[in-house]
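The values are calculated or read from the model by the stated rules, or taken from the named source; none is laboratory data. Treat the numbers as computed from the prediction; the structure is a model and nothing was measured. Using ideal geometry, Cβ is built from the backbone for each residue, glycine included, and neighbour counts are taken over all protein chains shown. Ligands, DNA and RNA are stripped out before the accessible areas are found, and what is left, the full protein with its side chains, is counted by its heavy atoms. Shrake-Rupley method; radii C 1.70, N 1.55, O 1.52, S 1.80 Å.
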Amino acid sequence: MKQDKAYAIAKYVRMSPIKLKPIADLVRGKDLSEALTILKFTPGKGSELVERVVMSAAANGENNHDMDKDSLYVAEIIINQGPTMKRWRAGAQGRASRILKRSSHISVTLMEREAEEKVAKTTEVKKADAAE
């Protein structure tokens, strides 16, 4: 079954989306090999989490959709906020301080370069036909 998109989702990742979004911005639009290299050498736990999801999407594309791994690129990467766990810590003078333990959902979509070029060519042909 040949498709033009491969995706993977990691839900309820125990890291704040504020920490993950800058890492996602680093690899958005890059080729798969370049994105994995960037993620490998970016310090921090967040880059490891995003790298795992990108690798999973690449494996899905290669094994399930017969996509060429060398022509894949990160078409879309979305970091959404998941549920927040509310906890309490003892504060000064008998008070309680609120602690918010945030979570995230990471969604990665990979596409083949040829598939994108085919779509662009068909829209150009349609525009040319409409102009005539």
Quantify, in whole percent, the carbon and sulfur part of the accessible surface of the chain (1.4 Å probe; protein heavy atoms only). 51
Phi-based couplings in Hz for the range 50-66 (Karplus 6.51, -1.76, 1.60; Gly and Pro marked x): 5, 4, 4, 6, 5, 5, 5, 5, 5, 5, 4, x, 6, 8, 9, 10, 6
Direction-averaged shadow area of the convex hull around the Cα atoms of the chain, nm²? 11.4
Given a cut-off of 24 Å, name the pairs among K5/K45; K40/K101; K40/K86; K5/K101; K19/K101 whose C-alpha atoms lie farther apart than that in the structure shown. K5/K45; K40/K101; K40/K86; K5/K101
Which listed residue (V13, S97, I38) has the Cα farthest towards the positive end of the charge dipole for the chain, taking +1 on Lys and Arg C-beta and -1 on Asp and Glu C-beta about the Cα centre? S97
Unit charges on C-beta of K, R, D, E only; dipole of the chain, Debye: 1660
